[in-house]
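Contents: one structure, followed by commentary.
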Amino acid sequence: MGLSRLPGCNYRRGMRLLLLTIETRPVIGGVAVAIDGWATGLAELGHEVCVLGLVNESFRTNVTGLPPRPHSEKWIFSPDRSDVWVDRILPIRKFRSALYLAQRNRFLTRQVAAMVQGFKPDRVIFCFINTLCCVALDSIQTMGIPCGAIAYAAELAPERVTNPRWLRKTLQKFEKIVAISSYTKSLLCNLGE
């Protein structure tokens with residue numbers, strides 16, 4: 001049975017799909033491999049797919065010379081956080097880290113918005129759920145583009161979720177969420193209980 005015949009599957013051929021991820025080629029790992037497989041499969045089904053990797057500047061040299069894929073790949077390189085001697089003082093390190101993360105999120109959100117406006121996707125699929133996801137999601141939804149998410153157990157594990165209320169609020173904004181396993185689905189259903 002093909003994907004188009006699955007119950008509840010309502011996508012049409014030839015959609016423009018933007019997959020946002022923080023783990024993509026050339027990173028080697030389960031999430032990066034899965035996203036590459038999904039993007040390849042969707043492209044082979046006739047969709048125009050762009051994988052947009054949000055990675056640190058240090059990855060820039062690793063993306064040249066990658067084997068081609070049937071989908072497009074683009075990367076937004078955020079500046080690496082520099083360590084300085086004052087980071088040895090805990091309150092200063094915490095302040096500098098918070099400042100860096102806020103600046104990085106603003107930078108990436110602007111870059112993602114520009115990419116979305118240029119690519120004009122029919123749907124944006126977030127392949128990660130974190131604070132950057134929340135900020136970028138709000139920005140994309142103001143453009144009227146439906147958004148979905150792929151959820152992984154590692155992101156939803158109770159010991160890793162520091163703010164379940166924020167996470168529930170963010171997840172409610174997605175049109176659809178795909179849990180990659182029944183365990184992940186149970187974490188989603190029991191979030192914050």
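Rolling a 1.4 Å sphere over the protein heavy atoms, what is the accessible area per residue of the range 31-185, to the nearest Å²?
Numbers: 8630 Å² over 155 residues.
On a per-residue basis, the range 31-185 sits at 56 Å².
The relative contact order of the range 57-193 comes to 18 percent, based on Cα pairs under 8 Å that sit 6 or more residues apart.
Among CYS189, CYS127, the order of accessible area from largest down is CYS189, CYS127, computed with a 1.4 Å probe on protein heavy atoms.
Once log10 I(q)/I(0) by the Debye sum over Cα atoms at q = 0.09, 0.11, 0.17, 0.19 Å⁻¹ is calculated for the structure shown, the corresponding label among (1) -0.33, -0.50, -1.26, -1.56; (2) -0.36, -0.55, -1.28, -1.52; (3) -0.60, -0.78, -1.10, -1.19 turns out to be (2). Amide H contacts of VAL51: LEU19, SER72, GLU73, LYS74, each under 5 Å away and 5 or more positions distant or on a separate chain (H built 1.01 Å from N in the peptide plane; Pro and chain starts excluded). Counting lysine pairs in the range 87-193 that sit 8 or more residues apart in sequence, or on different chains, and whose Cα atoms lie under 22 Å apart gives 5.
Can you tell me which of ASP83, ASP138, ASP36 moves the most in a GNM of the chain? Springs connect C-alpha atoms under 10 Å apart. It is ASP83.
The values are calculated or read from the model by the stated rules, or taken from the named source; none is laboratory data. Here the structure is a predicted model, which is why all the values come from computation and not from measurement. Accessible surface areas use protein heavy atoms only, side chains included; no ligands, DNA or RNA. Shrake-Rupley method; radii C 1.70, N 1.55, O 1.52, S 1.80 Å.
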